[in-house]
Amino acid sequence: MDTLHAHLEALFDDLELVIGWETGYEPLRPTPAFLRSREDLSRLVWNPLCAPNLSVYLPGILKDAKETGKKIGVCLKGCDSRSLGALVQEGFVERERLYVVGLPCPGTVDPEALAEARKSSAPVTHVSFRDGLLAITSRDGTEEIELERVLARRCRRCRHPNPLHADVILGDPVPPRRTEPSFSDVDAVEAMSLEERRAYWEEELSRCLRCYACRNACPLCVCRDRCLAESRTPKWTTQRDGVRDKFLFHMIHALHLAGRCTECGECERVCPVGIPVALFKEKMARIALELWDYQAGTDPAATPPLQTFDPSETGI
Amino acid sequence: MEQAFFLADAELQEALAGLSAQADVWVPASDARKPGLVRFRRFQPGLTVRLDARSLVSAKEVLFPRSETLLRFTKEKDLSVPAGHRIHLDDARTVRPVVVFGCRPCDARGFLTFDPVFTKGPYRDPYYSERREKTTFVSLVCRDADAACFCSAVGSGPADPEGSDAQLIPVDGGYVLRPVTERGAALLEPIGRTAAPEQIREAQDVLDQVGRETVGEGSLTTLAEAFRARFQDPAFWHAHIDKCLSCGLCTFVCPTCYCFTITDEARGLNGERIRSWDACMFPHFTLEASGHNPRPSKVERYRNRVGHKFSYFPARYGQVACCGCGRCVRHCPVSVDIRAVVRDLPAQEEAHA
């Protein structure tokens with residue numbers, strides 16, 4: 001933490017602003033912070049509760065930023081940095097306008113798992129993290145909880161804890177939990193019979209509120225205000241509350257991310273009703289990997305496979 | 001407490017089954033697949049009722065469904081009329097009595113924002129009003145406030161009876177049921193037995209104790225003027241809202257957000273006109289037919305959300321359009337805190353320059 005503050009302090013004159021995380025309404029909820037003055041930097045926090053992927057803000061903030069010649073600083077975890085890579089690949093972000101602080105990530109917390117692991121339910125007054133242990137303080141005292149016990153699903157399958165495309169990496173590299181891509185959660189759903197699978201998704205998707213948090217938290221959902229989910233002309237989905245329209249939206253969302261999704265898992269993290277919507281995108285990522293040996297966002301110079309045409313490609 | 005009934009924990013399912021004979025009974029219940037996810041569901045025997053847990057979505061959907069059919073239409077070919085077809089409309093509806101059982105005081109109070117808009121005119125909404133007239137709210141005195149709750153800051157509180165027809169007060173071995181309105185008394189009489197004097201005393205103690213608690217800091221009810229003064233201060237709104245993702249989560253889980261859209265959904269010659277939840281945080285909400293959008297970004301959209309709840313609505317109806325349940329804060333993907341925004345409205349401008 002001291003390194004992060006000191007590093008940005010020293011550089012701040014050359015930066016327009018820094019996007020990082022600060023403590024939210026409670027220490028368990030770090031929230032994205034847009035720090036525009038040197039004094040603001042003291043609000044920065046970095047720990048396994050810093051879940052939001054900040055690359056989602058980059059296209060918008062770069063579009064609105066004044067041309068001062070100063071760069072925009074942004075803190076990115078490993079998975080966040082892949083999203084940046086994909087945004088650069090597709091021309092939504094000019095890499096040279098950013099100063100990327102890469103933060104090797106020990107994994108992020110699943111709030112539900114943490115609530116279950118805690119013995120106390122009292123409001124949290126302080127959180128710290130060291131050597132794989134979260135220390136959670138409330139009026140009932142301090143509880144130590146192993147991060148490994150309360151990891152988010154996306155982090156259990158993580159093979160990019162160390163940021164790519166960064167100007168500077170602050171902190172020691174983290175050994176990846178996986179060295180090979182892991183699709184065991186997709187496998188589990190695919191092992192179901194067609195009827196079971198249909199019933200499974202109907203049940204899961206029936207809870208969808210159509211709040212579109214999954215869409216808006218996705219750094220690669222670049223249509224923003226032009227999403228077909230709300231378009232009436234042409235009309236793709238109805239406003240009915242049935243599973244049919246919800247299913248259609250989620251299928252379109254997944255297909256639009258084919259060969260583009262960087263597996264940051266934000267769609268699933270933000271879902272208020274706990275639908276494992278990232279599984280759809282993981283399935284797409286697996287196809288991209290098997291078909292083209294392609295992993296979105298890892299090589300900023302690569303052309304995404306569905307945005308090019310190569311007659312020599314086979315197997316399609 | 002003059003009149004009160006006692007309901008033992010073990011008798012809860014039976015009592016709810018009894019009530020279900022005459023009404024649709026909605027209770028907070030956990031999801032079979034996701035036990036931690038509590039929502040309002042129509043009671044049926046065997047449902048895991050969770051009076052101990054705060055629900056994700058408010059009880060709003062009971063009176064204001066996510067999507068409801070206003071009328072059905074059928075086109076019939078008829079070449080004798082200039083249009084080439086006739087349209088048959090069917091707007092028949094039946095409204096069953098409803099009981100919302102075990103909601104929190106904030107959930108019940110949320111409807112006090114709906115009422116002046118939907119029932120008092122100049123345009124009375126028949127769909128909401130008819131349901132509202134047949135609904136009884138039994139709210140649970142709340143002892144589960146978390147860091148997102150702020151009911152006291154909007155003039156309510158964890159034991160607030162306003163908006164409720166009866167109150168459930170947790171006591172040893174069950175609940176004391178206290179009628180607040182005549183409708184509440186009529187509902188309770190058949191399901192509980194008269195509470196013993198010591199149970200009434202215990203309930204009164206709980207009521208007094210919870211009633212003294214303050215949930216949330218300060219007051220957010222007198223900031224209508226401060227909002228107007230802040231309206232044209234882009235630095236203020238950017239400082240608070242740059243992180244907002246402009247999704248509709250906060251409005252959908254909110255007990256007082258009542259905005260809707262009306263669409264015709266047809267297939268072939270048949271279809272229906274439906275009313276469904278809309279959200280002021282969505283770009284299409286204010287998109288005009290010309291293509292112009294007076295609220296082009298999340299900054300204007302969120303400013304409107306704050307203005308509606310804490311300035312425009314109070315100016316028109318004399319109360320804030322917020323019940324302090326904290327859902328918008330608790331479930332926001334990036335923890336946008338509307339309390340912080342509203343509290344900062346009167347603060348010095350320099351703080352956000």
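Listed here are the residues, each with its yes/no results for (1) of a type in the set (A, V, I, L, M); (2) within 19 Å of the chain's Cα centre (by Cα); (3) away from every other protein chain (no Cβ under 14 Å).
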{"residue": "A:T137", "(1), (2), (3)": "no, no, no"}
{"residue": "A:L164", "(1), (2), (3)": "yes, yes, yes"}
{"residue": "A:R178", "(1), (2), (3)": "no, yes, yes"}
{"residue": "A:A199", "(1), (2), (3)": "yes, no, no"}
{"residue": "A:C211", "(1), (2), (3)": "no, yes, no"}
{"residue": "A:L228", "(1), (2), (3)": "yes, no, no"}
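The residue that is most open to solvent (accessible area, probe 1.4 Å), among those in the stretch B:226-242 that are small (G, A, S) and within 14 Å of another protein chain (Cβ to nearest Cβ), is B:A239. Once the stretch A:13-65 is narrowed to residues that are of a type in the set (V, I, T) and touching a residue at least 40 places away in the same chain (Cβ under 8 Å), the residue that is farthest from A:I136 (Cα to Cα) is A:I61. A:R232: in contact with a strand residue (DSSP E or B) (Cβ under 9 Å, 6 or more places away or on another chain) and loosely packed, with under 15 Cβ neighbours inside 10 Å, yes or no? So A:R232 passes the test.
As a summary of the residue check, B:T261 satisfies the conditions (1) outside any loop (DSSP other than H, G, I, E, B); (2) open to solvent by less than 30 Å² (accessible area, probe 1.4 Å) except for the one numbered (2).
Tallying residues that are in contact (Cβ under 8 Å) with a residue 60 or more places away in the chain, more than 16 Å from A:P52 (Cα to Cα) and either part of a loop (DSSP other than H, G, I, E, B) or within 14 Å of the chain's Cα centre (by Cα) (or both) within the stretch A:70-103 yields 5.
Checked against (1) open to solvent by 30 Å² or more (accessible area, probe 1.4 Å); (2) over 28 Å from B:E182 (Cα atoms); (3) touching a helix residue (DSSP H, G or I) at 6+ places or on another chain (Cβ under 7 Å), B:E68 meets all criteria but (1). Residues in the stretch B:26-50 that are over 17 Å from B:C142 (Cα atoms) and in a strand (DSSP E or B) were compared, and the one that is least open to solvent (accessible area, probe 1.4 Å) is B:S30.
Being among the polar types (S, T, N, Q) and farther than 30 Å from B:A145 by Cβ holds for only one residue in A:S184, A:S120, and it is A:S184.
Please enumerate the residues belonging to the stretch B:143-182 that are surrounded by 15 or more Cβ atoms within 10 Å (Cβ to Cβ), outside any loop (DSSP other than H, G, I, E, B) and of a type outside the set (A, V, I, L, M). Residues satisfying the conditions are B:C151, B:S152, B:Q167, B:P170, B:G174, B:Y175, B:R178, B:P179.
Within the stretch A:31-50, which residues are within 13 Å of chain B (Cβ to nearest Cβ), assigned to a loop (DSSP other than H, G, I, E, B) and touching a strand residue (DSSP E or B) at 6+ places or on another chain (Cβ under 7 Å)?
Correct list: A:R36, A:L49, A:C50.
Among the candidates A:E290, A:E282, A:E263, the residue that is open to solvent by 20 Å² or more (accessible area, probe 1.4 Å), within 19 Å of the chain's Cα centre (by Cα), more than 10 Å from chain B (Cβ to nearest Cβ) and among the charged types (D, E, K, R) is uniquely A:E263. Over 30 Å from B:R72 (Cα atoms) and buried (at least 21 other Cβ atoms within 10 Å of the Cβ), is that true of B:L245? Yes.
In this structure, is B:D78 outside the structural domain of B:Y258 (by TED's automatic domain parsing), over 26 Å from B:L112 (Cβ atoms) and surrounded by fewer than 15 Cβ atoms within 10 Å (Cβ to Cβ)? Spelling it out, B:D78 is indeed outside the structural domain of B:Y258 (by TED's automatic domain parsing), over 26 Å from B:L112 (Cβ atoms) and surrounded by fewer than 15 Cβ atoms within 10 Å (Cβ to Cβ). Within the stretch A:293-316, the set of residues being open to solvent by less than 60 Å² (accessible area, probe 1.4 Å) and either of a type in the set (F, W, Y) or within 24 Å of A:W201 (Cα to Cα) (or both) comprises just one member, A:Y294. Of the residues making up the stretch B:266-289, those that are touching a residue at least 12 places away in the same chain (Cβ under 8 Å), assigned to a strand (DSSP E or B) and more than 9 Å from every other protein chain (Cβ to nearest Cβ) are B:A266, B:N270, B:G271, B:R273. May I ask you to verify whether B:R316 is over 17 Å from the mean Cα position of the chain (by Cα) and over 30 Å from A:R269 (Cα atoms)? Answer is yes for this residue.
For (1) open to solvent by 20 Å² or more (accessible area, probe 1.4 Å); (2) assigned to a helix (DSSP H, G or I); (3) within 12 Å of chain B (Cβ to nearest Cβ); (4) out of contact with any helix residue (DSSP H, G or I) (no Cβ under 9 Å at 6 or more places or on another chain), each residue gets a yes or a no:
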position	(1), (2), (3), (4)
A:L220	no, no, no, no
A:Q239	yes, no, yes, no
A:R244	yes, yes, yes, yes
A:L248	yes, yes, no, yes
A:E268	yes, yes, yes, no
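Test A:E16 against the criterion of being part of a strand (DSSP E or B), under 18 Å from the mean Cα position of the chain (by Cα) and among the charged types (D, E, K, R), and give yes or no. In short, no. If the condition is being in a helix (DSSP H, G or I) and open to solvent by 20 Å² or more (accessible area, probe 1.4 Å), then the stretch B:208-225 contributes B:D208, B:Q209, B:G211, B:R212, B:A224, B:E225.
Of everything listed in (1) assigned to a helix (DSSP H, G or I); (2) more than 9 Å from chain B (Cβ to nearest Cβ), the single unmet condition for A:E203 is (2).
Apart from one condition, A:G107 fits all of (1) on the phi < 0 side of the Ramachandran plot; (2) in contact with a Cys (Cβ under 7 Å, 6 or more places away or on another chain); the exception is (1). Just a yes or no: is a residue in the stretch A:146-155 open to solvent by less than 90 Å² (accessible area, probe 1.4 Å) and either modelled with pLDDT under 95 or more than 19 Å from the chain's Cα centre (by Cα) (or both)? Checked against the condition, which is being open to solvent by less than 90 Å² (accessible area, probe 1.4 Å) and either modelled with pLDDT under 95 or more than 19 Å from the chain's Cα centre (by Cα) (or both), the stretch A:146-155 yields no hits at all. Looking across the stretch B:74-101 at every residue that is part of a strand (DSSP E or B) and in contact with a Phe, Trp or Tyr (Cβ under 9 Å, 6 or more places away or on another chain), the one that is farthest from B:P179 (Cα to Cα) is identified as B:I87. Highlighted here would be helices (runs of 4 or more DSSP H) found entirely within the stretch B:291-331 that include at least 3 residues which are on the phi > 0 side of the Ramachandran plot, but there are none. Candidates are the residues of the stretch A:104-133 that are assigned to a strand (DSSP E or B) and of a type outside the set (V, I, T); the one that is nearest to the other protein chains (Cβ to nearest Cβ) is A:H126.
The values are calculated or read from the model by the stated rules, or taken from the named source; none is laboratory data. This one's a predicted model, so the numbers in the text were calculated from it and none came from an experiment. Here the Cβ is made from the backbone with ideal geometry for all residues, glycine too, and neighbour counts use every protein chain on show. For accessibility, only protein heavy atoms count, side chains too; no ligands or nucleic acids. Shrake-Rupley method; radii C 1.70, N 1.55, O 1.52, S 1.80 Å.
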